[in-house]
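Remarks on the structure that follows.
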Amino acid sequence: MSKSLPKRSENYSEWYNELVKRADLAENSAVRGCMVIKPYGYSIWEKMQRALDDMFKETGHTNAYFPLFVPKSLFEAEEKNAEGFAKECAVVTHYRLKNNPDKPGKLMVDPEAKLEEELIVRPTSEAIIWSTYKNWIQSYRDLPLLINQWANVVRWEMRTRLFLRTAEFLWQEGHTAHATREEAIAETEQMLHVYATFAEEFMAVPVIRGKKTANERFAGADDTYCIEAMMQDGKALQAGTSHFLGQNFAKAFDVKFVTKENKQDYVWGTSWGVSTRLMGALIMAHSDDEGLVLPPKLAPIQVVIVPIFKGDEQLNLISENVLPIVKELKKRGISVKFDNSDKQSPGFKFAEYELKGVPVRLAIGARDLANGTVEVARRDTKEKRTYAISDIVETVSNLLEDIQTNIYQRALNFRGENTHQVDTWDEFTKILEENPGFISAHWDGTPETEEKIKELTKATIRCIPLDVVEEEGKCILTGNPSSKRVIFAKSY
């Protein structure tokens with residue numbers, strides 16, 4: 001099992017791929033570039049969904065659902081958006097198959113069933129949603145319109161990686177319409193902070209909140225905000241984006257409203273989303289060479305209890321003592337599994353739950369019962385201690401909170417140790433080569449310099465931090481004046 005996992009230090013990529021598969025999170029499917037999310041992996045995604053959905057609703061958003069297919073004419077209405085996604089689109093051209101007369105038992109596309117207009121399988125839903133909003137918005141009384149949808153999207157990827165980059169993936173996408181520019185910008189920033197709060201408080205992943213450069217901006221947006229997380233190999237992962245769309249989509253789809261002053265104006269828009277890529281971030285930010293390390297708030301099983309017994313009599317005695325503990329833990333909203341199966345040895349079970357990242361493991365045998373104790377192992381530090389059975393519910397509750405905090409703090413410390421401030425090109429390239437991580441450095445603000453740095457080093461500007469301090473400096477590549485530092489990194 002976990003003993004044969006590749007080591008992170010030796011082959012981080014192989015370690016990640018093997019862990020995803022062996023921990024029963026996902027696997028490659030029969031469809032090239034697509035994945036099957038297995039029950040254990042989907043359980044984590046469901047917990048993510050539930051937490052995020054509650055946060056969306058607390059900020060006034062409601063869920064809806066829009067079609068998977070987007071007519072090509074709608075898709076190309078906002079030119080920058082269409083151009084940005086054109087190379088990733090899957091296109092439906094026909095609506096029917098028929099029997100192949102030359103190959104009995106086989107099917108072929110019916111040439112007589114060509115669609116009058118091709119349909120794009122949604123890579124993102126701005127086009128279909130804004131064409132719908134045209135019918136929903138007439139007056140300022142209809143605003144703001146705050147809609148989210150949970151859906152799947154298709155972006156045709158040739159080089160895929162489970163969770164991080166697949167041709168089809170799951171996500172949520174918020175699409176909102178507002179009466180003023182200020183309201184739309186406030187919405188964009190609010191949702192970025194919702195994502196950051198989720199990442200830090202649930203995923204235990206510290207993030208930098210910032211703005212993307214013009215080169216990295218969402219196609220069709222005036223501004224893109226993002227949260228950037230550091231993985232254990234020092235690479236950055238974009239964990240969420242929130243876009244201020246200005247009036248671009250409103251103008252493309254003629255979405256106007258009557259203002260309070262009885263004038264016609266275009267509405268102001270936003271869109272924002274996170275995807276199953278968060279699963280990749282969760283794995284890479286915390287896990288170790290023995291398997292997953294899951295923050296308790298997102299663990300499908302927060303506590304597992306493994307009885308150590310010989311024969312039914314011992315198991316029955318242990319069960320009598322364990323079942324009240326299970327009941328009390330569940331009363332506190334803690335997910336717990338009592339694994340009383342006799343199909344595997346306790347040692348096998350220990351390794352399995354370690355691999356799957358269960359935060360707390362209790363082991364209890366006949367000797368423990370006699371002593372009134374239980375052995376408690378925590379997954380994050382691998383520490384084992386013995387506690388009184390009478391105190392175990394309170395102990396476990398406190399321990400789960402401590403593990404959540406510790407996992408976050410460990411990731412925060414790692415990011416701090418691997419964030420470097422540099423002022424020269426030599427320093428910049430040396431850090432990238434020897435000690436990858438986040439690099440805080442000056443940039444002259446031009447797309448040309450940004451592209452040249454990317455070409456020379458494969459490092460990109462991850463973001464301009466929202467809390468950046470204005471300071472005079474010189475661009476690390478050109479030596480031209482710069483007023484602030486930005487965050488560079490190699491990324492997923």
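Data for the structure
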| quantity | calculated |
| --- | --- |
| Filter result for LEU5 (closer than 30 Å to GLN344 by Cα, hydrophobic (A, V, I, L, M, F, W, C), at pLDDT 95 or above and open to solvent by less than 50 Å² (accessible area, probe 1.4 Å)) | no |
| Within region 403-427, tally of residues that are part of a helix (DSSP H, G or I) and either surrounded by 14 or more Cβ atoms within 10 Å (Cβ to Cβ) or among the polar types (S, T, N, Q) (or both) | 15 |
| Which listed residue, of ARG165, ARG155, is basic (Lys, Arg), closer than 20 Å to LEU25 by Cα and surrounded by fewer than 20 Cβ atoms within 10 Å (Cβ to Cβ) | ARG165 |
| Condition check for GLY291: touching a Ser or Thr at 6+ places or on another chain (Cβ under 6 Å), within 30 Å of GLN409 (Cα to Cα) and of a type in the set (Gly, Ala, Ser) | yes |
| Residue match in region 94-101 (condition: open to solvent by 70 Å² or more (accessible area, probe 1.4 Å), under 20 Å from the mean Cα position of the chain (by Cα) and over 30 Å from ALA252 (Cβ atoms)) | no |
| Every pair of residues 6+ apart whose Cβ atoms lie under 9 Å, when the first sits in region 146-157 and is closer than 16 Å to THR270 by Cα while the second is among the aromatic types (Phe, Trp, Tyr) | LEU146/PHE56; ILE147/PHE66; ILE147/TYR133; ASN148/PHE56; ASN148/TRP272; GLN149/TYR65; GLN149/PHE66 |
| Scope region 266-275; condition in contact (Cβ under 8 Å) with a residue 40 or more places away in the chain and surrounded by fewer than 24 Cβ atoms within 10 Å (Cβ to Cβ); matching residues | GLY273, SER275 |
| Filter result (open to solvent by less than 60 Å² (accessible area, probe 1.4 Å) and out of contact with any helix residue (DSSP H, G or I) (no Cβ under 7 Å at 6 or more places or on another chain)) within region 74-85 | GLY84, PHE85 |
| Condition met for ARG462 (surrounded by 12 or more Cβ atoms within 10 Å (Cβ to Cβ), in a strand (DSSP E or B), touching a strand residue (DSSP E or B) at 6+ places or on another chain (Cβ under 9 Å) and touching a residue at least 12 places away in the same chain (Cβ under 8 Å)) | yes |
| Check on LYS349, in a helix (DSSP H, G or I), within 35 Å of the chain's Cα centre (by Cα) and either at pLDDT below 95 or surrounded by fewer than 16 Cβ atoms within 10 Å (Cβ to Cβ) (or both) | no |
| Every residue from region 216-225 that is part of a strand (DSSP E or B) and surrounded by fewer than 24 Cβ atoms within 10 Å (Cβ to Cβ) | ASP223 |
| Residues of region 428-459 satisfying the condition of being open to solvent by less than 40 Å² (accessible area, probe 1.4 Å), closer than 23 Å to PHE414 by Cβ, in a helix (DSSP H, G or I) and hydroxyl-bearing (Ser, Thr, Tyr) | THR457 |
| Selected residue [open to solvent by less than 50 Å² (accessible area, probe 1.4 Å), among the hydrophobic types (A, V, I, L, M, F, W, C) and under 25 Å from the mean Cα position of the chain (by Cα)] from LEU119, LEU115, LEU146 | LEU146 |
| ASP254 charged (D, E, K, R), open to solvent by 30 Å² or more (accessible area, probe 1.4 Å) and in a loop (DSSP other than H, G, I, E, B) | yes |
| Hits in region 42-68 (condition: over 23 Å from HIS178 (Cα atoms), surrounded by 14 or more Cβ atoms within 10 Å (Cβ to Cβ) and not aliphatic (A, V, I, L, M)) | TYR42, SER43, TRP45, LYS47, GLN49 |
| Residue pairs meeting the criteria (Cβ under 7 Å; at least 6 apart or on separate chains; first among the acidic types (Asp, Glu), in region 178-206; second open to solvent by less than 50 Å² (accessible area, probe 1.4 Å)) | GLU183/TRP268; GLU187/THR176; GLU187/HIS178; GLU187/THR270; GLU189/TYR225; GLU200/PRO206; GLU200/VAL207 |
| Subset of region 375-397 (residues that are of a type in the set (A, V, I, L, M, F, W, C) and under 29 Å from ARG22 (Cα atoms)) | VAL376, ALA377, VAL396 |
| Leading residue by the ranking (surrounded by the most Cβ atoms within 10 Å (Cβ to Cβ)) among those in region 173-215 that are part of a helix (DSSP H, G or I) and among the hydroxyl-bearing types (Ser, Thr, Tyr) | THR188 |
| Matching residues in region 88-131 - criterion: being closer than 13 Å to PHE69 by Cα and of a type in the set (Lys, Arg) | ARG122 |
| Residue in region 265-278 that is among the basic types (Lys, Arg), at negative phi and at pLDDT 95 or above present | yes |
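The values are calculated or read from the model by the stated rules, or taken from the named source; none is laboratory data. Given the structure is predicted, the values throughout are model-derived calculations rather than measurements. Reconstructed Cβ throughout: ideal geometry from the backbone, glycine too, with neighbour counts over all protein chains shown. Heavy atoms of the whole protein, side chains included, go into the accessibility calculation; ligands, DNA and RNA do not. Shrake-Rupley method; radii C 1.70, N 1.55, O 1.52, S 1.80 Å.
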